[in-house]
Amino acid sequence: MFQEVSVFCNMAVQSWSDLLKASTKTALIHDGKRKIHYLFTDGKEMAEEYDLTTDELIVRKWRSKSTLKGQGPWEIEVGEPVPSTVACLESDVIKENCSNPVFMRKDTKTSFLWRVRNLPYPKEVYNISVEPDQRCCIIRTNNKKYYKKFNVPDLDRSQLPMDSSALNFTHANNTLIVSYKKPKEILTLEHELLREVKKLKGTNEEDVDCKTQ
């Protein structure tokens, strides 16, 4: 049974890998970053940014065509969330809102990693679990001040199972840091993908209207 599940997962990973390979890719080198734009056969777009020095993924975002066949907004999967058009102005109400928890994902080479800023509670307050049936992770606090449910799109795309033992967390400087160790299938896929994108000839930003902007 375990072998059958393993074969199925490998097939799913291969399917996602094939979609990546079949996509139309454009590379841009600028400001110490390697920016890759993917256009899939169904019209969806994915944009990634890698640090040229460390090869770490900085940004991944997605865009789909809207119902009117125009381009929809970018949705951030990895990287800093897009600032609200209503910035922290001088209003006391807005200043208070700016201290609300900020959830974002920023991976390392070996782990998926999420940060929740503006959470002042000590580590023992947090309860973080993996819910395999719901294919998500859940952050709860004993004081009921914060609740967050989130999935791991990388595992969903490759149809890999979720593993509670891969989850860990820490807390420092008012920031909760949740990490999930990447399975070997993801590590292999990311290594192969990075090797392929490095083969792309990157143009200068002045020479192309890069779709990642």
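The values are calculated or read from the model by the stated rules, or taken from the named source; none is laboratory data. Keep in mind the model is a prediction, meaning the values are calculated, not measured. So basically every Cβ, Gly included, is an ideal-geometry build from the backbone, and we count neighbours across all protein chains shown. Quick note on the areas: whole protein, heavy atoms, side chains included, nothing else; ligands and nucleic acids left out. Shrake-Rupley method; radii C 1.70, N 1.55, O 1.52, S 1.80 Å.
Computed quantities for the displayed model
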item: Hz values of 3J(HN,Hα) by residue in the stretch 105-111 - Karplus curve (6.51, -1.76, 1.60), Gly and Pro given as x; result: 10, 8, 7, 10, 5, 10, 9
item: Peptide ranges 181-192, 141-152 listed from the most packed, as the mean C-beta count within 10 angstrom indicates; result: 181-192, 141-152
item: Within-12-Å neighbourhood charge of Thr110 [Cβ basis; K, R +1; D, E -1]; result: +1
item: Solvent exposure of the stretch 104-185 as accessible area per residue, Å², 1.4 Å probe; result: 53
